[in-house]
1. Is it the case that some residue within the range 196-204 is within 30 Å of W222 (Cβ to Cβ) and within 19 Å of the chain's Cα centre (by Cα)?
2. Can you list residue pairs whose Cβ atoms sit under 7 Å apart, with the first residue in the range 15-34 being farther than 10 Å from D54 by Cβ and modelled with pLDDT of 85 or more and the second being surrounded by 13 or more Cβ atoms within 10 Å (Cβ to Cβ) and not aliphatic (A, V, I, L, M)? Count only pairs 6 or more apart in sequence or on different chains.
3. Among what's in the range 216-267 and is part of a loop (DSSP other than H, G, I, E, B) and in contact with an Asp or Glu (Cβ under 7 Å, 6 or more places away or on another chain), pick the residue that is farthest from A11 (Cα to Cα).
4. Can you name the residue in the range 134-163 that is free of Cβ contacts under 8 Å to residues at least 60 places away in the same chain and of a type in the set (S, T, N, Q) and is also nearest to E262 (Cα to Cα) among such residues?
5. Hey, does the range 132-152 have a residue that's over 21 Å from the mean Cα position of the chain (by Cα), at pLDDT below 90 and aliphatic (A, V, I, L, M)?
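The values are calculated or read from the model by the stated rules, or taken from the named source; none is laboratory data. Keep in mind it's a predicted model, so treat the numbers as computed, not measured. Backbone-built Cβ (ideal geometry, glycine too); neighbour counts: all protein chains shown.
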Amino acid sequence: MPGVARNSVSAAVFNEACSAEETKHINIAAINAALWEYTKLQLNANDKCIVVDDWILNWDHSITDKGDSYVALHFRRGTLVIITQKHPYLYHPGDFESHCQSLAEHQTGFTTWATLPSLQPSIYPPALDTTNITSVTEHCYPSLHRIVEIIDSLVRDKPHLRTLHVLHDGAWDHPLVYAQHYSLEATLTNVARARTAGWVGGPMKRVTHSGQVPIWWGEADWAVMVDVELAREAEIFVGNGYSSLSTQVVALRLGADGGHVEDIVLL
C-alpha cells in the first residue's frame with residue numbers, strides 16, 4: 001500500500017525489484033512476549049527482499065508499548081482517508097438483528113464508551129429506554145428509514161457533506177447486508193429525493209462500504225483497520241452505541257484526536 005508507511009512501495013514495485021531467487025520467505029509466528037523483537041530481528045537481516053508468509057498479528061496478540069510507538073512514528077496519520085474525499089460521513093450499522101433481540105430481552109444498554117454522560121446529547125432521539133424492547137431494538141438494529149432520517153438531518157445542517165462510507169462486517173454469504181446497503185445508496189444518490197428532503201447542492205456524490213476495501217485472503221483485519229482510520233478522520237461519525245467498534249472509534253475521536261461530541265451521532 002503506497003503511502004501507508006514511510007518508504008513503503010506497492011506490491012507491483014516489490015515484485016519487479018525482487019526476483020524469486022532474491023526473495024526470502026519467513027514465518028513470524030511467536031508467543032506474544034517475543035513477537036515484536038523476533039519480527040524486528042527477521043526484518044533487519046541482510047536479505048534484499050523478505051516476504052512474511054503468515055499473519056503479522058493474531059487474535060491472541062496485543063500490541064506492546066514498543067509496537068505502538070513504532071506505529072505512531074512510522075505510519076502517517078490520515079493516509080488511509082483518500083477514499084473519503086474532503087467531507088466524509090460515516091455510519092456503522094452495528095450488530096445483527098438476532099443479537100439485538102437478545103439484548104432487548106435482557107434490557108441491555110449501550111456498551112463501554114457510549115455510556116459516557118457527555119455523549120448523551122449525541123444519541124439520536126428518541127432516547128434509549130432499556131426497559132422497552134422496541135426502544136432497544138430501534139437503537140441496536142435501526143431501520144433504513146431511521147438511518148436516512150439521521151442523514152437528512154445532518155446534510156441539511158452541513159450541506160457540504162456529500163460522501164458516505166458505510167462500515168459493516170457482512171461477508172459474501174450475508175446478502176441482506178448488501179441489499180440494505182444498495183437500497184441506502186439508491187436512496188441517498190437520488191436527485192429528486194434529495195431535493196424533496198431539502199438537501200442543498202444535490203444528493204450524495206459517492207457512497208462506499210467496507211466490502212470495497214481491496215484485500216486478499218487472510219487480510220480481513222486489515223479492512224477493519226482501514227474502517228477505523230476512516231471513521232476517526234471523518235467530519236461526522238454516525239455510530240451504534242451497542243457496537244464495540246463504534247465505541248472504540250468514539251474513544252479515539254474524543255481522546256486521541258481531541259474531537260467534539262457534536263461531530264458524533266449515536267443511532
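1. Within the range 196-204, none of the residues are within 30 Å of W222 (Cβ to Cβ) and within 19 Å of the chain's Cα centre (by Cα).
2. Going by the 7 Å Cβ cut-off, the qualifying pairs are C18/C49; E22/C49; T23/C49; K24/D47; K24/C49.
3. Selected residue: Y242.
4. The extreme case among them is S153.
5. no
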